[in-house]
1. Return the pairs, sorted by first residue and then second, in which the second residue is in a loop (DSSP other than H, G, I, E, B) and of a type in the set (S, T, N, Q), the first residue lies in the stretch A:305-316 and is within 10 Å of chain B (Cβ to nearest Cβ) and free of Cβ contacts under 8 Å to residues at least 12 places away in the same chain, the beta carbons are less than 7 Å apart, and the residues are 6+ apart or on different chains.
2. Within the stretch A:78-127, track down each residue that is more than 18 Å from A:Ala164 (Cα to Cα), out of contact with any strand residue (DSSP E or B) (no Cβ under 8 Å at 6 or more places or on another chain) and touching a residue at least 60 places away in the same chain (Cβ under 8 Å).
3. Could we say that A:Val131 is at pLDDT below 95 and either surrounded by 24 or more Cβ atoms within 10 Å (Cβ to Cβ) or away from every other protein chain (no Cβ under 13 Å) (or both) here?
4. Could you grab me the full set of residues in the stretch A:376-398 that are at pLDDT below 90 and in a loop (DSSP other than H, G, I, E, B)?
5. Condition (residue is outside any helix (DSSP H, G or I) and touching a strand residue (DSSP E or B) at 6+ places or on another chain (Cβ under 9 Å)) applied to the stretch A:246-254: is it met by at least one residue?
6. So how many residues does the stretch A:340-360 have that are in contact with a helix residue (DSSP H, G or I) (Cβ under 8 Å, 6 or more places away or on another chain) and either within 11 Å of chain B (Cβ to nearest Cβ) or within 8 Å of the ligand (Cβ to nearest atom) (or both)?
7. When only residues in the stretch B:34-49 that are assigned to a loop (DSSP other than H, G, I, E, B) and small (Gly, Ala, Ser) count, which is farthest from A:Gln315 (Cα to Cα)?
8. Mind checking whether some residue in the stretch A:231-254 is of a type in the set (Lys, Arg) and within 21 Å of A:Arg363 (Cα to Cα)?
Amino acid sequence: MISISRLLCDLDAAGDGLRYDAGADSSVPQIAAEKQRRPVVVWNATRRCNLACTHCYAAAQTEPAPGEFTTAEARAFLEQLAAYDVPIVLFSGGEPLVRGDVVDLVAYAADLGLRPVLSTNGTLLTRERAVALREAGLEYAGVSVDGLAERNDAFRGRDGAFDAAVRGIETCLEVGLKTGLRYTITRANAPDLEDVVDLLVDVGVDRFCFYHLDYGGRGRDIVDLDLTPDEKRAAVERLCDLTLEYHDRGAEIETLLVGNYADAGFLVEYARERFGPERAARVSEYLARNGGDPTGERIADVDYEGNVHPTQFWQEYSLGNVRDRPFGEIWDDESNPLLAALRTREERLTGRCRDCRYRPICRGGSRLRALTATGDLFGPDPQCYLRADERRGERPVADTHVDTARSERVRNQ
Amino acid sequence: MHERPPSSGARARATTHPQWEVFVRERRDGPLAHAGSVSAANGEEALAYATELFEWCALDLWVCPAAALERASARPLSIRAVTSDERDDTPTSTARPSRDSSEVSEP
Ligand code: SF4
């Protein structure tokens, strides 16, 4: 997760400690250092969903699936996460709000010291539900919207889904539950991007999270819907411009990018073009502490059946199952050659990633996308949009800061 | 190992694509070790996907249906006695629509 607003506008945010080790010089309470080393866990609490989105990585179904955790199993699973000192558990799905026990489980997670957050399509966020979730200790609800009404509803497979999601967002804001937008950028909805931000800023939203399409789950079948690398670059640039424009007008929105760490290199380039080399060096330093693509390290996914995945998008491969072995043991077991390789991937990258100056802050982008597109786990991410001159570093940028900070971090682990 | 209850893992893994456990040998004199699982429609696809994932390190690669394995563990996901209240709230029932399912039909 890369915070455009933090990097370009110096916005302070509570989650930055997890992204940039920024706790020391931040005025917002940060997550304890011990927890920084543990992954954020996305939990697909159910595979059921009331919608049928084209890009759903979890291939969610409207029918209940066998193998979903009972309430008792879900509690035991949350205890495993707490025992491993996981900092944040993201209740996801499917649509997590179709689980009748979700409020209880959020409360239990909060009691265990896990910070519960929610990813939802927003359509089930009634006022009563939002109040109950807030009182249970839910810290944040990210609501998915993927375009203005027409495009969103087509994508989500239901008329009225857009209006229902916006109502859900308004409900959260009314009851004082922190909320924000999740937007998966595709060719189908890229043109709506600014309008959606404008509309939701008017509603009162100040946090916007933009996802690049990854090629897992149903997303694997819609690779054609992905933007071309050039279109992707243009979309990210528009988001950077938009963030600066809002901040210039005094509206301190938080904007974040997820799922394509070529964005890291792009942000350094953008900062240098816009603000000069010193700012580019600072951006580069922050991103070095961020550590690049988090797959298999700072992000984990546990699906509705208990299978542990290296990221939420990589549902076709599982490291193990928490019904067989506690989460922490699975996550620590580097006798699994794939897990070990993901954690040392920088040395193994091939193609354009091998000599890329941004390799330390990107780490080769998405290994899942590379595997899906090329059949090579260490091949190039097809969605890297940096130009050759940028990757090869013909223009000066503060690479030395990057290497120093990263090797320091590795030494201290 | 202690006296162990059987894990519910294998039974619980019936998905649209079945799971296949993957076993990898990395060294000639090394063990065939479990290395996670893949989901695939059949054994051939499972082996093909496992090959993509591990060909850079594997000398031998086996897959077998996850549901075919009987499992036992000294520390399975502990399951408390489920009270009747909890059972009412259990989300796995296929027969009874949950409270939220009725909300879904609202616009
Ligand atoms: S070439 Fe590879 S390492 Fe460099 S920015 Fe692109 S994806 Fe990242």
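1. Correct list of pairs: A:His309/A:Gln315.
2. Correct list: A:Gln80, A:Ala83, A:Tyr84.
3. Working: at pLDDT below 95: no; either surrounded by 24 or more Cβ atoms within 10 Å (Cβ to Cβ) or away from every other protein chain (no Cβ under 13 Å) (or both): yes.
No: the conditions fail for A:Val131.
4. Those that are at pLDDT below 90 and in a loop (DSSP other than H, G, I, E, B): A:Gly393, A:Glu394, A:Arg395, A:Pro396, A:Val397, A:Ala398.
5. In the first step, residues of the stretch A:246-254 are kept if they are outside any helix (DSSP H, G or I); the result is A:249-254.
Applying the additional criterion that residues be touching a strand residue (DSSP E or B) at 6+ places or on another chain (Cβ under 9 Å) yields A:253-254.
Checked the stretch A:246-254: at least one residue is outside any helix (DSSP H, G or I) and touching a strand residue (DSSP E or B) at 6+ places or on another chain (Cβ under 9 Å).
6. First pass over the stretch A:340-360, keeping only residues in contact with a helix residue (DSSP H, G or I) (Cβ under 8 Å, 6 or more places away or on another chain): A:342, A:345-346, A:348-349, A:352-353, A:355-360.
Of the ones still in play, those that are also either within 11 Å of chain B (Cβ to nearest Cβ) or within 8 Å of the ligand (Cβ to nearest atom) (or both) are A:342, A:348-349, A:352-353, A:356-359.
Summing the residues that are in contact with a helix residue (DSSP H, G or I) (Cβ under 8 Å, 6 or more places away or on another chain) and either within 11 Å of chain B (Cβ to nearest Cβ) or within 8 Å of the ligand (Cβ to nearest atom) (or both) in the stretch A:340-360 gives 9.
7. At the first step, the residues of the stretch B:34-49 found to be assigned to a loop (DSSP other than H, G, I, E, B) are B:40-42.
After this cut, where a residue has to be small (Gly, Ala, Ser) as well, the list is B:40-41.
Numbers: B:Ala40: 11, B:Ala41: 14 Å.
Going through the qualifying residues, I end up with B:Ala41.
8. Narrowing the stretch A:231-254 to residues of a type in the set (Lys, Arg): A:232-233, A:238, A:249.
Narrowing further to those that are within 21 Å of A:Arg363 (Cα to Cα): A:232-233.
Within the stretch A:231-254 (the criterion being of a type in the set (Lys, Arg) and within 21 Å of A:Arg363 (Cα to Cα)), the answer is yes, since at least one residue qualifies.
The values are calculated or read from the model by the stated rules, or taken from the named source; none is laboratory data. Keep in mind it's a predicted model, so treat the numbers as computed, not measured. Cβ sites come from the backbone with ideal geometry, for glycine too, and all protein chains shown count toward neighbours.
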